[in-house]
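The values are calculated or read from the model by the stated rules, or taken from the named source; none is laboratory data. Every value quoted in this text rests on a predicted model; they were computed, and no experiment measured them. Methodologically, a virtual Cβ is constructed for each residue, glycine included, from the backbone with ideal geometry; neighbour enumeration extends over all protein chains shown. When the accessible area is computed, the model is the full protein with side chains, heavy atoms only, and any ligands, DNA or RNA have been set aside. Shrake-Rupley method; radii C 1.70, N 1.55, O 1.52, S 1.80 Å.
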Amino acid sequence: MAPKMKTMDGNTAAAHVAYALTEVAAIYPITPSTPMGEIVDDWAAAGRKNIFGETLRVRQMQSEAGAAGAVHGSLSAGALTSTFTASQGLLLMISNMYKIAGELLPGVFHVTARTIATHALSIFGDQSDVMAVRQTGFALLCSCSVQEVMDLALVAHLSAIECSVPFLHFFDGFRTSHEIQKISVIDYEDMARLVNFDAIAEFRSRSMNPENPTLRGTAQNPDIFFQAREASNPYYDAVVPTVVQYMKKVGALTGRQYKPFDYVGHPEADRVIVAMGSGCETIEEVVNHLNSNGERVGLVKVRLYRPFSAEHLLAALPATVETLTALDRTKEPGALGDPLYLDLCTVFSERGGGPELLGGRYGLSSKEFTPAMAKAVFDNMKSLGPKNHFTVGIEDDVTHKSLTLPRDFETAPAGTIACKFWGLGSDGTVGANKSAIKIIGDHTDMFAQGYFSYDSKKSGGITVSHLRFGSRPIQSTYQVHRPDFVAVHKSNYVEIYDVLEGVKEGGTLLLNSPWSIEDMEREIPASVKRTIAAKKLKFYNLDAVKIAGELGLGGRINMIMQTAFFKLADVIPFEDAVRFLKAEIDHTYGKKGEKVVQMNYDAVDRAVANLVPVAYPSSWADAKEPADACCATDHGHAAGCCCCGEPDFVANVMRPMLAQKG
């Protein structure tokens, strides 16, 4: 049977598997893991059945500590149990994690790896939370992409059942959890055929039961604690071969092969990066590009991080490697190195000899990790006196640890269409773009990817949607920097942000505004005019706010702008897009009544009728700001603006941050 392809985000992929192999889920919401709990709760309310023919029992607790305690109790009672968390939420579970692992209970935590608050709170992604639970006794399994979340979530559940060791399956918060991709979905019937039901029966036989009392949860003194602690060693010795076994079984089912450490790249590579998480997708794209241009580089993707198998790491590495760089997405202040780097040092120290080892840090708090940054890491390895314990992706003018980035380095496959949408939180832009991806992904043979960049204010704040479409799988786990299509859904953004940064020659700009060409002469900054003219952009205007108001849609301009996107971007035939859009309207708004459905139908029809091409004058190529503009700058106030009397902090820190130039 052909695999079922479906468009979904990483959270949905994890929830799909967790629901199948779980009997009880104890949950508490925390960004960006919340959707997993919401999804399984919705499915349970709708009566969806897991592989045991049961409806999942979902219980929302009053804190993450309560959720972890409920997981521990539920497992002790013999129910297969899962939870979903991140960041401080995971830290609140640590004491229970030690107990769950110590009692050899096969729970599974799905974690959207997120920054731990240090000098400041951040809701965004890195791996500092997962690195804080390395000592708990949980096996740690990492996914790099939405497809891997589906596949390796299954490996995590099957392995936990088989070897009675709890698993923490993690993937990068936002970058993978909220990224939408077209993936192959594993059916529940196929999952059930891989489950060791004898192991489940054995697990249940150990459950707390007043009819068969057992001793557990004791307090032990120095005479026996150490021995009992070491007695779990055989269970951990069995984890790696168990994971290998289930990776093979899932591979036989899906055709997608995994190992504890997967190598991609030149068979005789001299420089190799070792990394885990979404950054691996970007590195692999760079590896393919560099090798096609005569270099010899490679990447080792860490799948099973704990227990760490030196044997499988060494088997993955080409014998020709001269320099090896570990990339960590966390910072351990005061340590000799960050965790993955120290693991590699241990491997080669115990083995004796090996390549030159370097360590670097990237991507803290969802800081972008681009192809140029990956190339900078490879370039550092072949330089004389390469930097160790470096950072990449920032400009470190304090301790000077950062790498210099190459300019204009692009690796995305030819033919990929890249789109960027500037929206206002709650105006429907993100929802519309998710719908567009699913329409294209589910109704065509094209691959589709969507990533949504929010600021911390969410509703009312800025949203930037990054969409890609193409005939080949998309590994570009970084934001769109060279868009073919730019849509600005709030007119004054052209004055605040550099909305056309990197736009391609001959690209398309769609603006939602009430402006005539005369108004645009006054309202659009000179720098934007110059870019439009210099890049020979196809420029269209649409007053979506007016249409939405007339139709009774309020501030929801999403359906209007989405229709205009399908008309202008030419990703799929427009007639097909309209048909799919109206089917989506029926599905989404059908329960709200015929009036609401018709309003959205009208929005689709009115959008095209009111789309206006802007015949901008050639004089825009030399546009200059009015003489009375503050300090005659293109985008508002100059740094250290003297004529306004602004403090340096406002001019040099606040204003760049507000302009998304932090």
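The set of residues from region 56-97 being of a type in the set (V, I, T) and out of contact with any strand residue (DSSP E or B) (no Cβ under 7 Å at 6 or more places or on another chain) comprises just one member, I94. Where helices (runs of 4 or more DSSP H) fall entirely within region 212-263, those with at least 3 residues that are surrounded by 18 or more Cβ atoms within 10 Å (Cβ to Cβ), aliphatic (A, V, I, L, M) and in contact (Cβ under 8 Å) with a residue 24 or more places away in the chain are at 239-254.
Just to check your reading of the model, which residue among E38, E54, E64 is touching a Pro at 6+ places or on another chain (Cβ under 9 Å) and among the charged types (D, E, K, R)? Please lay out each step first, then the result.
Working: E54 fails: touching a Pro at 6+ places or on another chain (Cβ under 9 Å); E64 fails: touching a Pro at 6+ places or on another chain (Cβ under 9 Å).
Answer to the check: E38.
Among the residues of region 167-176, are any open to solvent by less than 20 Å² (accessible area, probe 1.4 Å), more than 30 Å from F369 (Cα to Cα) and of a type outside the set (D, E)? For region 167-176, residues open to solvent by less than 20 Å² (accessible area, probe 1.4 Å), more than 30 Å from F369 (Cα to Cα) and of a type outside the set (D, E): absent. In this structure, does K567 turn out to be within 29 Å of S618 (Cα to Cα), basic (K, R), open to solvent by 20 Å² or more (accessible area, probe 1.4 Å) and outside any strand (DSSP E or B)? So K567 fits the description; yes. When D442 is tested against (1) open to solvent by 50 Å² or more (accessible area, probe 1.4 Å); (2) part of a loop (DSSP other than H, G, I, E, B); (3) not β-branched (V, I, T), just one condition goes unmet, and that condition is (2). Restricting S383, S426, S365 to residues that are hydroxyl-bearing (S, T, Y), out of contact with any helix residue (DSSP H, G or I) (no Cβ under 6 Å at 6 or more places or on another chain) and closer than 30 Å to T563 by Cα narrows the list to S426.
Residues in region 5-63 that are among the aromatic types (F, W, Y) and open to solvent by 40 Å² or more (accessible area, probe 1.4 Å): Y28, W43, F52. Scanning region 367-416 for residues that are among the small types (G, A, S), within 21 Å of the chain's Cα centre (by Cα) and modelled with pLDDT of 95 or more gives A372, A374, G393. Looking only at residues in region 84-129 that are among the β-branched types (V, I, T) and open to solvent by 10 Å² or more (accessible area, probe 1.4 Å), the one that is modelled with the lowest pLDDT is I123. Condition check for Y540 on (1) at pLDDT 95 or above; (2) under 20 Å from V464 (Cα atoms); (3) open to solvent by less than 50 Å² (accessible area, probe 1.4 Å): one failure, at (3).
State which residue is nearest to the chain's Cα centre (by Cα) when the search covers only region 115-137 and only residues that are within 20 Å of F167 (Cβ to Cβ) and among the hydroxyl-bearing types (S, T, Y). Filtering first and then ranking leaves S128. The residues listed here are K434, K490; of these, the one that is part of a loop (DSSP other than H, G, I, E, B), open to solvent by 50 Å² or more (accessible area, probe 1.4 Å) and in contact with a Gly (Cβ under 9 Å, 6 or more places away or on another chain) is K490. Can you find a residue that is among the small types (G, A, S), in contact with a helix residue (DSSP H, G or I) (Cβ under 6 Å, 6 or more places away or on another chain) and assigned to a loop (DSSP other than H, G, I, E, B) anywhere in region 117-130? Among the residues of region 117-130, at least one is among the small types (G, A, S), in contact with a helix residue (DSSP H, G or I) (Cβ under 6 Å, 6 or more places away or on another chain) and assigned to a loop (DSSP other than H, G, I, E, B), which makes the answer yes. The set of residues in region 264-290 being touching a Pro at 6+ places or on another chain (Cβ under 8 Å) and open to solvent by less than 10 Å² (accessible area, probe 1.4 Å) consists of A269, V272, T282, V286. The conditions are (1) assigned to a helix (DSSP H, G or I); (2) at pLDDT 95 or above, and E495 fails exactly one of them. Which is it? Failed condition: (2). Of all the residues in region 197-211, those that are assigned to a helix (DSSP H, G or I) and among the basic types (K, R) number 1.
When the residues of region 595-625 are filtered to those that are closer than 20 Å to N558 by Cβ and of a type outside the set (A, V, I, L, M), the one that is least open to solvent (accessible area, probe 1.4 Å) is N600.
Could you list all residues from region 197-211 that are in contact with a helix residue (DSSP H, G or I) (Cβ under 8 Å, 6 or more places away or on another chain) and open to solvent by 100 Å² or more (accessible area, probe 1.4 Å)? Reasoning before the result, please.
Restricting attention to region 197-211, the residues satisfying the condition of being in contact with a helix residue (DSSP H, G or I) (Cβ under 8 Å, 6 or more places away or on another chain) are 199-200, 203, 207-208.
Passing the criteria: only M208.
Taking every residue in region 398-418 that is within 21 Å of S383 (Cβ to Cβ) and pairing it with any residue that is of a type in the set (A, V, I, L, M, F, W, C) and open to solvent by 30 Å² or more (accessible area, probe 1.4 Å), at least 6 positions away or on another chain, the pairs with Cβ-Cβ distances below 6 Å are S402/I394.
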